[in-house]
1. Roll a 1.4 Å probe over the protein chains and send me the accessible area per residue for the stretch B:138-225 in Å².
2. How big, on average over all directions, is the shadow cast by the Cα convex hull of the stretch A:272-368, in nm²?
3. Add -39500 (n - 2.57) for each DSSP H run of 4 or more in chain B, then divide by its residues: what number comes out at 222 nm, to the nearest 500 deg cm²/dmol?
4. By how many degrees, 0 to 90 and rounded to 10, does the Cα axis of helix A:402-421 deviate from the longest principal axis of chain A?
5. For A:Leu141 and B:Ile19, what is the calculated FRET efficiency with R₀ set at 41 Å and r taken between the beta-carbons, to the nearest 0.05?
6. What is the extension gain from A:Thr104 to A:Asn372, computed as 0.36 nm multiplied by their sequence separation minus the C-alpha to C-alpha distance, in nm to one decimal?
7. As I understand it, the dipole of chain A uses +1 on the Cβ of Lys and Arg and -1 on the Cβ of Asp and Glu, about the Cα centre. Which of A:Ser164, A:Leu255, A:Val58 lies farthest toward its positive end?
8. For the stretch A:331-419, just the Cα set please: Rg and Dmax, both in angstrom.
Amino acid sequence: MAIRRTSLSAYLASPRLALGLMLYLGFYSFLGTLVAQGLATDKSVVAWAMAHRGWEPVVGALGLHRAYISPLFLVPMLLLGASTAVCAWRRTTVAAARFRALRTLRGKSTTAAFKPSFTVAAPAIPAEQALTIAETTLRALGWRTRRTGSTLTYASNPLVTVGSPLFHWALVALVVILGVGSLFRASGLMGVPVGESVPNAPASYRVLTAGPLHQWAAQPDTIGVESFELDYKYGGIDRGASPKVVVRSADGRVLKTQYVYPNSPLKYGSLIIHPNDYGLAATFVLTDTKGTELSRSSTLVDFDASSTAGTAPGELVLSDSRGQDAVRVAVSFVVPHDNGVLVPVLPRRPEAIVRFVAADGSLIGTDTLKVNDAFKFADGSALRFVGANYYARLSVVSDASVPALYTALMLALVGVTIALLFSQKALVATVSDDVDGAQVAVMVRTWRHGGAGASEIQQALLRAFESEPHDGSSD
Amino acid sequence: MSEVMLMWAAVTLYTIGTILFVFGAVFKLEKVLTAALWVSLAGLIPHGIAIGIRWVAVGHGPYLGFYEVVSSYAFASVVALGILAWIRPQLRLMGVIIMPLSVLMIGGAMLSPKAPLEIGPKLASYWLTIHVTFAKLSYSSFIAAFAIALVYLLRERAAENPSSMLSRLPDQTVLDDLSYRFIGVGFVFLSVMIVAGAIWANEAWGRYWAWDPIETWSLISWIVYAGYLHTRLTLGWRGKKAAWYALIALPVMVFTLIGVPLAYNSIHGAYLTGVK
C-alpha cells in the first residue's frame with residue numbers, strides 16, 4: 001500500500017500532469033465558447049443545433065452544450081485539484097525548510113556551517129579590504145548584505161517562502177468551496193407583481209437550481225415588491241427599471257427593503273436579490289354564481305417584441321371543486337409601439353385578451369376584458385379582470401459560500417503576489433587571509449527568481465579583484 | 001486644442017518614433033534609437049491630454065467603445081516601452097516591436113467611431129475602474145514580456161553576427177529573466193483583474209462566474225500564462241522555449257481584450273461595441 005500511495009502521490013505531483021490538465025481545461029473551455037450553452041430546449045441551443053446540423057450530433061453526444069458541468073470538464077478539474085493539493089503539500093514542506101534556513105541566516109550571529117558555491121581569490125588584497133570590495137560588488141548586484149566580522153550575509157525575509165504554498169492551498173480551497181458551496185446554494189428567478197409578496201419557497205420560482213443541502217428555513221419568509229420605477233435615477237445615472245424589494249420574516253417583520261438595480265442588489269445574510277427583467281401582471285377574481293369572490297390571483301405576462309401584440313401570453317389555471325385543473329386561461333395585452341418598435345410599458349387603459357381552454361383541450365371562448373369586465377362560464381361562475389400592473393422578475397441567489405470564496409480568492413492573490421514578486425535568496429561570504437592575499441568563499445542560494453545568480457556574482461567578484469577563480473564550480 | 005487634434009499629434013509622433021526605431025535598428029545608429037524613444041515618449045503627452053479631455057467630457061475613463069479602449073491600450077504599450085527603457089536603457093530597442101503595434105492600435109482607434117458611450121447602470125460601479133486598470137496593467141506587462149522574448153529569439157538567430165545591433169542589449173540571461181519577471185507581474189495583475197471582475201459580476205448580476213465568452217477567455221489567458229510560469233518554475237524552461245511561449249501567449253491575451261467582444265455575442269461586449 002505504501003508503494004502505491006507513493007506512486008499515486010508522485011503521479012499527482014507530476015508537473016507535466018498539472019500542465020497537461022491546465023492546457024486541456026483551457027482548450028476545452030475554448031470549445032465551450034464555440035457552442036451555445038444551455039439546456040437542449042433553450043432557444044439559443046436549438047438555434048445553434050439548427051445552424052450546425054453536421055456538428056450537433058457530436059456536440060450533443062459530448063455534452064458540450066453544458067460544457068462546464070460535463071464530466072469531460074469536471075473530472076479533469078477535480079484531478080487538477082488533487083494534483084494541486086499534492087503539489088501544495090510538497091511546496092509546504094520545501095517552504096518550511098527554506099523558512100528555517102532563511103531565519104537561521106537572518107539570526108544576529110550567523111555561525112551556521114555552509115558549503116561554498118565558489119571561492120574567489122583576491123591576490124595581494126588584505127582580507128578587510130577584500131570584504132569591503134565584495135560588499136560593494138554585491139550591493140551593485142542587488143544583494144544588500146549584512147557585515148558581521150569577516151562575514152557578509154544576506155537572507156530574504158523568511159515569510160516570502162509562504163507565497164507559493166499559500167497560493168496553491170488557496171486554489172485547492174477554491175475547488176473545495178465551489179464544490180461544497182453548490183450543495184448549499186440556491187439560485188433562481190421569481191416574478192413578483194408590484195404590491196404583492198410571495199413565499200420564498202421553491203413553488204414561487206419560475207426557474208430554480210437548488211443544492212440538496214440548501215436550508216430554505218434559514219432564509220427570509222417572503223419576498224415582495226413594494227413599488228416599481230421604470231426609470232429610476234440615482235447618482236445622476238438612469239438605473240433603468242428598478243423594483244423596490246422587501247424581504248420579511250415569518251412574523252411579517254420587514255428585514256430589509258431597498259430599490260434594486262445593477263450593482264445595487266438587496267443583500268440579507270446569504271441572500272442576494274437582483275432585478276432580472278420586468279413585465280405585466282394581470283389580476284383576476286374568480287366569483288361564484290352569486291358574485292361572491294372565490295379566489296384572486298395574478299398572471300405574469302412578458303413583453304415579446306416578436307409578437308404582434310407585444311406580449312407573450314401568460315397562463316392562469318382555474319381548478320374545479322376537486323382541485324383538478326379545469327380551465328387554462330391564456331392572458332396577453334396589446335402594448336404600445338413607437339414606429340413599429342415595442343415600448344415595454346403598462347398600457348394606459350389595459351385590456352386583457354383572454355383565451356379559455358378546457359382540460360380536454362377544447363376552446364371555451366376568447367374575449368377582451370377591460371378593467372372590471374368579467375367572462376362568464378356556462379355554470380354561472382365568472383372570471384373578472386380587476387386590473388394590471390407591472391411585475392418584477394427577480395434573480396434570487398442564496399449562497400453562504402461567497403464570503404469563503406472571496407477569502408480564498410484574496411489569499412490566492414496574496415500568495416501569487418508574494419511568490420512571483422518577492423525573491424527567495426540567501427548568500428554568505430566569508431573572507432580569510434592566505435599567503436597570496438585574501439580568499440573569499442561564497443555560498444549563494446537563489447530559489448525561484450533571485451536576481452543575480454552564482455555565476456554572475458562570481459564573474460563580478462573576479463572583475464572586482466582582477467583575479468582568476470581558484471575554484472570554477474558554481475551553483 | 002481639440003481632443004482629435006491632440007490624438008493626431010500623438011499618431012504623428014508615434015509614427016515618427018516608429019520610423020526612427022526601424023531606421024536606427026537597421027543602420028545601427030544608437031543616437032537615432034535614443035531620439036526614437038524620446039519622440040515616442042513625447043507622443044504620450046498629447047495622447048495623455050487627449051484621454052484626459054475625453055475623460056472630463058464624457059465623465060468616465062477610457063473604458064467604453066473601440067476608440068477609447070484600443071487607444072488606451074496603445075498608450076499603455078508606449079508606457080511599457082518607457083518602463084523597459086527606464087529599467088535598462090539598452091532595452092529601448094524594444095521600440096522596434098512595440099511602436100509599430102502601438103501605431104496600429106492608435107490608428108485603428110482613430111478610424112473607428114468616436115461617439116462617446118454613456119456608462120449604463122450595469123457599468124456604474126467603482127469596480128469598473130479597478131477591473132479595467134488591472135486589465136491595462138496586465139496587458140502592458142505582457143506586451144513588454146512579448147517584446148523582450150522576440151528580441152531574445154532574434155538575437156539567438158543572429159548569434160553568429162557579433163556586430164549586430166542586438167549584441168548591445170543586455171545578456172541573454174538578463175533578457176530571459178526580465179521577460180519572466182514581466183510575465184510574473186502581468187500574471188498578478190491578470191489575477192487581480194479576474195478576481196475583481198468576479199466580485200463585480202456578483203454585485204451587478206448576482207453571479208460571480210457564468211462562463212460568458214470574455215470570462216472564459218480571461219480564464220484561458222490566465223491558464224496560458226500560468227502554464228508559462230509552471231513550465232519555468234517546475235520544468236525549468238528557460239531561453240528559447242520560454243521565449244517562444246511568451247511570444248505565443250500574447251495573442252491570446254490581446255484576443256481576450258479586444259477580439260472576444262467583437263467575435264462573440266457577450267454581455268461584456270458593451271464595453272467595446274456599445275451594444276447592450
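The values are calculated or read from the model by the stated rules, or taken from the named source; none is laboratory data. These numbers were taken from a predicted model, which means no experiment stands behind them. Backbone-built Cβ (ideal geometry, glycine too); neighbour counts: all protein chains shown. With ligands, DNA and RNA removed, areas are computed over all heavy atoms of the protein, side chains included. Shrake-Rupley method; radii C 1.70, N 1.55, O 1.52, S 1.80 Å.
1. Values: 2730 Å² over 88 residues.
For the stretch B:138-225, the solvent-accessible area averages 31 Å² per residue.
2. On the way: hull surface 35.3 nm².
Result: a mean projected hull area of 8.8 nm².
3. Numbers: 10 runs with 204 residues, N = 276.
One gets -25500 deg cm²/dmol as the mean residue ellipticity at 222 nm.
4. 30
5. Numbers: r = 38 Å, r/R0 = 0.92.
In this case the efficiency is close to 0.65.
6. Values: separation 268, 0.36 × 268 = 96.48 nm, distance 8.74 nm.
Answer, rounded to one decimal: 87.7 nm.
7. Highest projection toward the positive end goes to A:Ser164.
8. According to the Cα coordinates of the stretch A:331-419, Rg and Dmax are 25.3, 79 Å.
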